[in-house]
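Engineer: Before I ask anything, let me first share the structure, which is written out below as structure tokens.
The values are calculated or read from the model by the stated rules, or taken from the named source; none is laboratory data. Since we're looking at a predicted model, the values are computed, not measured. Don't worry about glycine lacking a Cβ; one is built from the backbone with ideal geometry, like all the others, and counts go over all protein chains shown. We work out accessible area using only protein heavy atoms, side chains counted, and drop any ligands, DNA or RNA first. Shrake-Rupley method; radii C 1.70, N 1.55, O 1.52, S 1.80 Å.
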Amino acid sequence: MIILDMGPLWLVLLLVRTQNVLALHQILKFMLSVFLLMHSLLQVSYTSWFLDAFNYAIAINMDVLNLSIGGPDYLDLPFVEKVWEITANNIIMVSAIGNDGPLYGTLNNPADQSDVIGVGGIDYSDHIASFSSRGMSTWEIPHGYGRVKPDIVAYGREIMGSKISTGCKQLSGTSVASPVVAGVVCLLVSIIPENKRKEILNPASMKQALVEGAAKLVGPNMYEQGAGRVDLLESFEILKSYQPRASIFPSILDYTNCPYTWPFCRQALYSGAMPVIFNATILNGMGVIGYVQSPPTWHPSTEEGNLLRIHFTYSEVIWPWTGYLALHMQIKEEGAHFSGVIEGNVTVRVYSPPAQGEKTARTSTCVLQLKLNVVPTPPRSKRILWDQFHSIKYPPGYIPRDSLDVRNDILDWHGDHLHTNFHIMFNMLRDAGYYVETLGSPFTCFDASNYGTLLLVDLEDEYFQEEIEKLRDDVINTGLGLAVFAEWYNMDTMVKMRFFDDNTRSWWTPVTGGANIPALNDLLEPFGIAFGDKILNGDFSIDGEHSRYASGTDIVRFPRDGYIHSFPFLDSSESGATQNVLLNSGMNKADSPILGLLDAGEGRIAVYGDSNCLDSSHMVTNCYWLLRKILDFTGSNIKDPVLFSESAKQDVPLFEDDNRLPSRRTDVNYTLYSTVTGKDLICRSDSRFEVWGTKGYNLHVRGRNKIMPGHHVIDLGRGLNSTFGSSRSRRPKFTKKTKGDSLGNRYFGLLYRDELDVPELVASHWVVPAIVAVTGFVLILSIWRIHHKRRRQRRSASGRLANL
């Protein structure tokens, strides 16, 4: 057996009864070369280094590989695909989950991959170590829901280990917990007779033994501890009589088992809600490749179970060793007044090709048990819809942090989800009696009459024109409340944050600010509201509540008769540097508007320029008190006397000229990061079942692609897999036409795919096809005449040859 342990502080290669033909000196030479590489990895690592080491592991038929290192970039495809190749070659990989706890959504790759055993850390009291990264996985966001990770936890605090020189020292971190599990794996491997190891043991069967044998801890939820603490003896009993099979992890979703099944146990199901998504992992111990034989099936235990409707999305091909099974759960309309528990199970049948020496396929039925709480549909005022669709995170692009005061974490990579870095806010809202649902599709995909407030927090994406129009109607005519928490956006500051990445050998510049203020301004323009480009910092208080304004923006447009709250802050943006020098020399700080509240038709709007006070990632002080007051206003029209004091009322509107509003970067290909720009408007599988695959409610025409001036766009006529290299550069859209516009210019505009006014667009429906038809007819006629002439010549030539 060969085991390779790759970590940032040590490299250990254990050789136990190796059958490889490599000589020991060759292996030791490899150890030394990798150690020298890994010593440099203390500060920086390169994908190519790992690829070389992984290729060597495959070449020598390694059995177990521990990786005590990782990073947040799960879109580093050469690395990710090589890990798949590692496990597909029946190498069991164990990896540390990361030391970015107690923050949620901080899993490191490759430990967040389903084919890898991801390990978190605990102390000797069986408490989750504060440094241990928490789940969920963020690959699936914004359109789906993350998987349960870590898989298991092991002792990782104050573990005794060897010094590089002599003696021992205490080590802490998931980089220490991961080798502990790798050692457990090696012991478990040793109980299987050597001639049967490759038949029974593989990454899936080993994970099955570990998670099914783990001891569940009391207190932590499943995104903190996974299946629980590794238990060598229990896993030994499972492997001792193991027969190849498929299974689901977690195998039970029990809403009554709190806090383990948080966040599901914190909010019951009810009719009319967005689907609740639970993403489980299929472990296939029967073979490296498997297939789902037939669609999964829901089997209710009682008659009440028929009130539950489940749609499934899943891996039709399971490779390598693992796949996913996502449940999209929704209570039917007839269950609007039902209160109780629904129980049953979901089954899915998996098969794999026959193993060597077998004639029939291997088959197995997986079972997922469900026990779900259901309550009557809550009142509209208590229902909040969280916008996940317009959130962009790292990877794939340089999405910068929200708080510029934080120097050691430059990327926004924690998911920006209710159940990752906003999980404390989610718990607070539930404690306050609110029901919070997630929207992973455009605004056209929800019925505004069901919700009191649409909550927009720290959003980076663009908006379809249909979304802007629908939101205006939802607020003014349907009475939807709108609460917006923005972030900083300053072009000069973004340019200053540029840096050279040694790994990709390229310059990285933020593709947007903490939030996409130009896009938010487009969304809020129908209400006469806009944010500016200041970066404000400072402390303030309202009604005795103290808060920190951390890298927030200012409000530069707001209608008359609204309520504005302003405070004296310093502007830390590049453009505000000169002003701050003058202020530090003795001038008074100018008040900056940061909070605005407005009645808009039947609905109500609240805007605030900072989201760090809701985000648990780098929070200094929370502003949950302010959020509750805002939701009272937007959802129930309850007006706090301090927020709505006469001194805060605007007698004249705030107004900033268009040319002074923040503008978009024109040097960024936003289609690479956006779910809107260059994409088609469509309701995805996280929206209500009745609008799946459509443009949304009351939209029966094809939605057009979002176009941004100065940005490249993918031609979706070729499909979503079109290459970026074939996209054309777009020019700014102009709707005003002059008399000098000629027909030729307009049709060159068509070639460049500029949007035309309606009369021109209608004309293009018959003029362009007519021109093409006439040209084609003339071309075909010319070819026919040439072809006919050549045939006469050939007949004449052949006659002469015959006579000769």
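Engineer: Can you compute 3J(HN,Hα) from phi for each residue in the range 184-197, using the Karplus curve 6.51 cos²θ - 1.76 cosθ + 1.60 with θ = phi - 60°, rounded to whole Hz and x for Gly and Pro?
Structural biologist: 4, 4, 4, 5, 5, 4, 5, 7, 8, x, 4, 6, 10, 4
Engineer: Would you mind calculating the gained length between K196 and V642 on full extension (0.36 nm times residue separation, minus the Cα-Cα distance), in nm to one decimal?
Structural biologist: Contour length minus Cα-Cα distance gives 153.1 nm.
Engineer: Still on this structure: Please state the shape class of the range 57-191: rounded when a/c is under 1.5, otherwise prolate if a/b exceeds b/c and oblate if not, all from the C-alpha gyration tensor.
Structural biologist: oblate
Engineer: Heavy atoms only, probe 1.4 Å: what % of the accessible area of the range 369-414 goes to carbon and sulfur, would you let me know?
Structural biologist: Carbon-and-sulfur percentage of accessible area, whole number: 49.
Engineer: Let me ask another. Kindly write out, for the range 281-293 in residue order, the coupling ³J(HN,Hα) from the Karplus curve 6.51 cos²θ - 1.76 cosθ + 1.60 (θ = phi - 60°), rounded to whole Hz, with x marking Gly and Pro.
Structural biologist: The phi angles translate into 10, 8, 9, 10, x, 8, x, 5, 10, x, 9, 7, 6 Hz.
Engineer: Here's something else I'd like to know. Hey, how many Å between the Cα centroid of the range 307-351 and the Cα centroid of the range 517-578?
Structural biologist: Computed from Cα coordinates, the inter-centre distance equals 44 Å.
Engineer: Hey, can you grab everything whose amide H is under 5 Å from the amide H of Y155? Only 5+ residues off in sequence or another chain; H modelled, so Pro and N-termini drop out.
Structural biologist: I122
Engineer: I need the shape label for the range 243-377. Rule: rounded when a/c is under 1.5, else prolate if a/b > b/c, else oblate, with a, b, c from the alpha carbon gyration tensor.
Structural biologist: prolate
Engineer: Under a crude label model (7 Å from the Cα following the beta-carbon direction), how far is E303 from R505 in nanometres?
Structural biologist: Between E303 and R505, the simple spin-label model gives 7.1 nm.
Engineer: Just to confirm, what accessible area per residue do you get for the range 92-205 at 1.4 Å probe, in whole Å²?
Structural biologist: 33
Engineer: In Å², what does the accessible area per residue of the range 243-377 work out to with a 1.4 Å probe?
Structural biologist: Accessible surface, normalised per residue, equals 42 Å².
Engineer: Just to be sure I understand the model, the point goes 7 Å from the Cα along the line to the Cβ. What's the resulting N698 to A432 distance in nm?
Structural biologist: 2.9
Engineer: Using a 10 Å cut-off on Cβ atoms, rank the peptides 188-198, 100-110, 396-406 from the highest mean neighbour count down.
Structural biologist: Final packing ranking: 100-110, 396-406, 188-198.
Engineer: Between N109 and residues 5 or more places away or on another chain, which pairs have amide H atoms under 5 Å apart, with H built 1.01 Å from N, and which residues are they?
Structural biologist: The answer is G71, D73.
Engineer: While we're looking at this one, here's another question. Give me the percent of accessible area attributable to carbon and sulfur for the range 57-114, probe 1.4 angstrom.
Structural biologist: In the range 57-114, the share of accessible area belonging to carbon and sulfur is 51 percent.
Engineer: How would R134, R628, R505 rank on accessible area, largest to smallest, probe 1.4 Å?
Structural biologist: R505, R628, R134
Engineer: Using modelled backbone amide H atoms (1.01 Å from N, in-plane), which distant-in-sequence or interchain residues come within less than 5 Å of N66's amide H?
Structural biologist: Counting only residues 5 or more places away or on other chains, the set is L4, D5, M6, V94.
Engineer: Can I ask one more? Please report the carbon-and-sulfur percent of the accessible area for the range 142-207; probe 1.4 Å, protein heavy atoms only, DNA, RNA and ligands left out.
Structural biologist: 56
Engineer: Largest first, what is the accessible-area ranking of R557, R383 with a 1.4 Å probe?
Structural biologist: These residues rank, largest area first, as R557, R383.
Engineer: Follow-up. Want the number for F540 to S663: 0.36 nm per residue separation, take away the alpha-carbon distance, what's left?
Structural biologist: Gain in length upon complete extension: 41.4 nm.
Engineer: Right, next: Shape call for the range 216-269 from the C-alpha gyration tensor, a ≥ b ≥ c root eigenvalues: rounded (a/c under 1.5), prolate (a/b greater than b/c) or oblate?
Structural biologist: It is oblate, given that a/c is not under 1.5 and a/b is not larger than b/c.
Engineer: Excluding ligands and nucleic acids, what accessible area in Å² is computed for C623 using a 1.4 Å probe, to the nearest 10?
Structural biologist: About 0 Å², rounded to the nearest 10.
Engineer: With θ set to phi - 60°, apply the Karplus curve 6.51 cos²θ - 1.76 cosθ + 1.60 along the range 658-674 and write out the HN-Hα couplings as whole Hz, x wherever there is a Gly or Pro.
Structural biologist: With coefficients 6.51, -1.76 and 1.60, one gets 4, 6, 9, 7, x, 10, 6, 6, 8, 9, 10, 7, 6, 4, 5, 10, 8 Hz.
Engineer: Between the range 149-176 and the range 609-645, how many Å separate their Cα centres?
Structural biologist: 42
Engineer: How much length would be gained if the chain were fully extended between Y242 and V495, taking 0.36 nm per residue of separation minus their Cα-Cα distance, in nm to one decimal?
Structural biologist: Length gained between Y242 and V495: 85.3 nm.
Engineer: Compute the relative contact order of the range 243-377 as a whole-number percentage, counting only Cα pairs closer than 8 Å that sit 6 or more residues apart in sequence.
Structural biologist: Relative contact order, the range 243-377: 34 percent.
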